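Everything on this sheet refers to the single structure shown next.
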Amino acid sequence: MRVSWSILNAWARGDRDNACRMLAGIETEKTPAMERGIRLHRTIAENKMKLIPIISKNAVFEGVNDYSGVRINYYRVALNDWLYLSLVVDVLDEDNNLIIDWKASRKKSTEHSKMQIYLYALALSKLPVPKKIKYGVYATVKENGKIYCDDYSIFKINNKKLDLAYNYAITIAGEIKEALGL
């Protein structure tokens with residue numbers, strides 16, 4: 001079974017219909033806020049906008065390689081023998097051992113579930129050539145004539161948080177698997 005943060009989060013908060021639509025690959029209707037977020041993410045990635053001062057010069061932004069067409073920072077990682085986690089990391093900064101997730105939202109960076117960051121760090125630790133992520137960052141992006149970030153939070157990643165993420169993924173995915181008879 002292949003899941004993503006969006007699927008797990010939807011299921012966990014009780015939005016089972018939406019989780020099932022995503023599992024089935026049925027595109028969900030995008031709200032104006034979602035469209036805005038997609039546009040901001042695309043603009044930041046295409047322009048490699050270093051909106052916070054901690055991003056190194058070698059950081060890799062999500063996107064698509066112009067030459068090969070391969071998605072950049074997209075991963076599909078086996079968590080065990082029946083569960084795969086798919087994810088796109090907005091910014092992967094191996095120089096600083098951190099990942100950044102842009103949030104185009106009215107919420108403060110500290111108001112988002114840290115579980116997404118923990119899951120992403122877990123997945124990256126399970127790659128054939130593991131990436132040692134020590135920090136996850138939520139950065140809230142805004143737009144007022146230009147795109148900027150004036151609110152970001154850094155979360156330390158450790159083995160306890162990776163274990164928490166693994167247990168979360170296995171528990172929620174197990175519920176989905178059982179409910180759908182997979």
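The values are calculated or read from the model by the stated rules, or taken from the named source; none is laboratory data. If you're wondering where the values come from, they're calculated on a predicted model, not measured in any experiment. Neighbour counts are summed over all protein chains in view; Cβ atoms, including those assigned to glycine, are modelled from backbone coordinates with ideal geometry.
At a glance:
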item	result
Hits in the range 72-102 (condition: touching an Asp or Glu at 6+ places or on another chain (Cβ under 9 Å), among the charged types (D, E, K, R) and without any contact (Cβ under 8 Å) to a residue 40 or more places away in the chain)	101
Restricting the range 173-182 to residues that are out of contact with any strand residue (DSSP E or B) (no Cβ under 8 Å at 6 or more places or on another chain) and assigned to a helix (DSSP H, G or I), the residue that is modelled with the lowest pLDDT	180
Residue that is out of contact with any helix residue (DSSP H, G or I) (no Cβ under 7 Å at 6 or more places or on another chain), of a type in the set (Val, Ile, Thr) and either at pLDDT 95 or above or farther than 30 Å from residue 50 by Cβ (or both), where the choices are 170, 147	170
Unmet criterion (only one of (1) in a strand (DSSP E or B); (2) in contact with a Leu (Cβ under 7 Å, 6 or more places away or on another chain); (3) of a type in the set (A, V, I, L, M)) for residue 165	(1)
Where a residue in the range 59-71 is farther than 21 Å from residue 40 by Cβ and its partner, wherever it lies, is surrounded by 10 or more Cβ atoms within 10 Å (Cβ to Cβ), with Cβ under 8 Å and at least six apart	65/71; 65/72; 70/64
Within the range 53-147, strands (runs of 3 or more DSSP E) holding 1 or more residues that are buried (at least 21 other Cβ atoms within 10 Å of the Cβ) and of a type outside the set (Ser, Thr, Tyr)	84-88, 91-93, 98-103, 135-143
Residue 38 being modelled with pLDDT under 95, in a helix (DSSP H, G or I) and either of a type in the set (Gly, Ala, Ser) or more than 23 Å from residue 166 (Cα to Cα) (or both)	yes
Where a residue in the range 1-25 is free of Cβ contacts under 8 Å to residues at least 12 places away in the same chain and its partner, wherever it lies, is in a helix (DSSP H, G or I) and surrounded by 14 or more Cβ atoms within 10 Å (Cβ to Cβ), with Cβ under 6 Å and at least six apart	18/10
Breaking point among (1) under 17 Å from residue 116 (Cβ atoms); (2) over 17 Å from the mean Cα position of the chain (by Cα), for residue 22	(2)
Residues being at positive phi and β-branched (Val, Ile, Thr) - total across the range 72-130	0
Selected residue (criterion: surrounded by the fewest Cβ atoms within 10 Å (Cβ to Cβ)) from residues of the range 148-162 that are without any contact (Cβ under 8 Å) to a residue 60 or more places away in the chain and not in a helix (DSSP H, G or I)	156
